[in-house]
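Here is the structure we will look at, set down as structure tokens.
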Amino acid sequence: MTYRVRSAQQRRAEIQARATAMGIDDAFISDLVETFYGRIRAHERLGPIFAKTIDDWNEHLPKMKDFWSSVALTTGRYSGKPVPAHQKLTGVAKEDFSLWLGVFETTVRDLAPTPDVVPYFMERAERIAESLKLAMFTLPGLKKSRET
Ligand code: HEM
């Protein structure tokens, strides 16, 4: 049996080609991020949670465009640390992630250049949401139970 070994560079090129073929580019990501956070800021429950922490949306929005560019197009533009940024938030419940994902899905559906873009973004958003929830709600409890 022969295995096809692909370099990280080849793998990245394939992901980028697939995303580009679906119509995902910087302009789409920019539109998605602007529209999504416009809706989040107007959201009855999530709006105040973001407003409490974010003073300068002109700083947050470019960061989120870099984040989605890295996630969807593997450009490596984002180099922040989402886990500690969320662990320090107060007043966030596990259920808020379902609200977040609901707004995100509606926005992706509204703007997607092709239908495949919806599952492409949702798979990634859901995976990241799970790991953030684990870091925010499950790991601190495990750590505490080990200490007592
Ligand atoms: C209920 C769900 C969520 C809430 C309330 C929330 C809230 C926030 C807030 C307030 C910040 C700003 C933190 C700061 O500047 O100090 C932030 C940053 C961020 N969020 Fe979320 N978030 C949620 C879910 C998500 C999800 C599901 C993703 C990814 C799919 C995500 C990705 C990010 C990223 C990448 C940053 C920037 C972190 C950094 O480098 O500073 N968030 N979030």
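None of the figures in this text is laboratory data; all of them are computed from the coordinates on show. Quantities reported herein were computed from a predicted structural model and do not represent experimental measurements. So basically every Cβ, Gly included, is an ideal-geometry build from the backbone, and we count neighbours across all protein chains shown.
How many residues are part of a helix (DSSP H, G or I) and under 20 Å from residue 104 (Cα atoms) if we restrict to segment 11-29? Outline the logic, then answer.
First, pick out the residues of segment 11-29 that are part of a helix (DSSP H, G or I): 11-22, 26-29.
Now restrict to residues that are under 20 Å from residue 104 (Cα atoms): 19, 22, 26-29.
Number satisfying all stated conditions: 6.
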Result of the Cβ filter at 6 Å on segment 7-20, keeping first residues that are surrounded by 13 or more Cβ atoms within 10 Å (Cβ to Cβ) and partners that are aliphatic (A, V, I, L, M), at least 6 apart or interchain, is 16/73; 19/72; 19/73
